[in-house]
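Scroll down for the structure; my scribbles are underneath it.
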Amino acid sequence: MKNNMMDRLQQNKVITFIEFTAQDIKLIQVLQKENTISAVFVHDVAGESEKDFIVALSEIMKASNLKIKDLYISLSRDFLTTRLIKLPLVTKEDVGQLVNWQAAKILPYQPQEMVVSYRTIATEGTDFSYVLLSAAPRNIVDKFINICAALKLFPRDITFNSEGLLRRYLKQTVEGGEGIITAVIDIDRNKATLAIIHRDNFVFDRSFPIGSLSDAGSRLKITKEIRASFNFYKRQEIGGAVSKIVLSGDSGYIAELSLLLRQEFNMEVKVADHIADIDCAKSCLKEKIPRGVSLASILGFVMSPGPFEFHLMPQDAREMRDYLLKKKALFKIAALALSLLLVIFWIIGLDFYYRKKIIKELDRRLSCVNSAAQIARQIKNKLAIVDREINSRNYCLEALSEVHRLIPEDVYLSTFIFENKTGVVLKGSAVNMPLVFTFARSLNNSDLLSSAEIKYATQRKIRDKELTNFEIICKIKSDN
């Protein structure tokens, strides 16, 4: 029952995904139970400062009185760097250390100035592995954490949009195979993100600025950037050549761009609708999306939910988030407990007068029967004493009878002490020591006596005869 309740609570959660770019904020909320979109917002940001982003995000939240609890953040690819590196095949713990060293060599930052994450893409025999590392400047990551913190939002994790493009592509395509290497190119406002996908992983990604697709010169510039990206990818020597291009985005000139790419690269070019296969109606999304803005990457997280592969949330920020969330939860519990106590006190106070009257009436009636009850108690105590004495005498006689029945020949009792129904003390003498032990065993096997213990057995000589003096203690069995 408890697990079922927890499952229902989990399913009713509202998950929020936010993608930060240099010029806008994209926000999507998903009802986890139905896995459907409940809110979509795209908001321009006036500038690049934290204050500009705080104002924009605050306006989004106020627009529909949004409540954000489970928050996941995706950063634009142009905020960070990714590199495919070849490392010796080592343990999982050592890979992380090697990646940090390589990041410090490749990038112009000190280790404490970066947030580094990685994913192992492939292995080469038993000697090497290919690892895709992502590194973001710490000040950039802190900027967006501070933006959220200013609005009392605590993200659970941070990644970047190339991972969303991968999820979107894998969810949307029905084609595949180890021989197909696809370049997914997402055309967003003033920029494009390119991710080369091989064996269900992206092995190369890049972001570059673009102009208006309505301009033929801008479209030609895009082809040059794509060709340069393909050349960079070839230098990694991890896979074969790109054999397919998938275009996504929301521009009226993607069709023209696809024709140009087909001619330039002589390969299949497919245009994918970035809001296809979404439970929310297309019209609902289109009303929320400014012209030219692509939701392909953020929708990838919506369509394929699950833990991020790349984690750009610093460890100290995670610990601070956990601390603040626990503190917030404790405050809620304390407030709930205080409210409950107030209700209890109110009920007690409301009922106190009537309870007091009832107690007074009971006291009056009890005082009337107090003298009679006292006499009854005295009689009861006297009867208990008589009963105890009768039982004691009965037990004493039974114990004496049982000892008489069990005592062997040549064993003589000098003392029989009955100790208030709890035990018997036997003292005497025997012609030899073994008879004492035989007597003790017989007492142990008795239906009335038990736990026979020989306290002492000493030999002495009287008139040329050796006698054994003894003392045996027995218990009376409680069920008799």
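Across the alpha-carbon set of the stretch 399-476, the Rg to Rh ratio works out to 0.97, Rh being the Kirkwood radius.
Within the chain, DSSP assigns beta bridges of which about 75% are antiparallel (rounded to the nearest 5).
Taking label points 7 Å from Cα along the Cα-to-Cβ direction, Glu268 and Leu338 give a separation of 6.4 nm. Where does helix 2-11 land angle-wise versus the long Cα axis of the chain, in degrees 0 to 90, nearest 10? Approximately 20 degrees, to the nearest ten. Rounded to whole Å, the principal axis extents of the Cα atoms in the stretch 23-127 read 55, 36, 18, largest first. Using only the Cα atoms of the chain, what semi-axes does the equivalent ellipsoid have when each is the square root of 5 times a gyration tensor eigenvalue? Give whole Å, largest first. Equivalent-ellipsoid dimensions as semi-axes: 89, 37, 20 Å.
For a Förster distance of 45 Å, can you work out the FRET efficiency between the beta-carbons of His404 and Asn370, rounded to the nearest 0.05?
Once the sixth-power term is evaluated, E becomes 0.30.
Loop-only trypsin sites (Lys or Arg not before Pro) in the stretch 68-123, please: DSSP not H, G, I, E or B, and at most 15 other Cβ atoms within 10 Å. Show your work: numbers first, answer last.
Working: sites: Lys69, Arg77, Arg83, Lys86, Lys92, Lys105, Arg119; in loops: Lys69.
Counting only loop positions with at most 15 other Cβ atoms within 10 Å, the trypsin sites (Lys or Arg not before Pro) in the stretch 68-123 are Lys69.
Here is how the number arises for the chain: DSSP H runs of 4 or more residues each give -39500 (n - 2.57), the sum is divided by the residue count, and the result at 222 nm is -15500 deg cm²/dmol. Axis of helix 92-106 versus longest Cα principal axis of the chain: the two differ by about 30°, to the nearest ten degrees.
Given an 8 Å cut-off on Cα distances and at least 6 residues of separation, report the relative contact order of the chain as a percent.
On the way: 743 pairs, mean separation 53.3, N = 480.
Answer for the chain is 11 percent.
Can you tell me which of 193-204, 227-238, 457-468, 292-303 comes out highest on packing, and rank the rest after it, using the mean Cβ neighbours within 10 Å?
Values: 193-204: 22.1, 227-238: 15.1, 457-468: 11.0, 292-303: 24.2.
Ranked from most to least packed, the peptides come out as 292-303, 193-204, 227-238, 457-468.
For the pair Thr438 and Arg227 in one chain, pulling the backbone fully straight at 0.36 nm per residue adds 65.2 nm over the alpha carbon distance.
The order of Cys368, Cys396, going from fewest to most other C-beta atoms within 10 Å of their C-beta, is Cys368, Cys396. Taken over the C-alpha atoms, the stretch 57-185 has Rg and Dmax values of 17.8, 56 angstrom. In nanometres, what is the gap between the two model label sites at Trp101 and Gln23, each 7 Å from Cα along Cα-to-Cβ? Reported label-point gap for Trp101 and Gln23 is 4.3 nm.
Helix 50-63 and the longest principal axis of the C-alpha atoms of the chain enclose an angle of approximately 70°. Put +1 on the Cβ of each Lys and Arg and -1 on the Cβ of each Asp and Glu in the chain; which of Val115, Phe17, Leu220 then has its Cα farthest toward the positive end of the dipole? With unit charges placed on the Cβ atoms, the residue in question is Phe17. Charge dipole of the chain (Cα centre as origin; +1 on each Lys and Arg Cβ, -1 on each Asp and Glu Cβ, all else neutral): 1880 debye, rounded to the nearest 20.
Readers should treat all values here as calculations from the given coordinates under stated rules, not as data from a laboratory. Treat the numbers as computed from the prediction; the structure is a model and nothing was measured. Note that each Cβ is placed from the backbone with ideal geometry, even for glycine, and that neighbours are counted across all protein chains shown.
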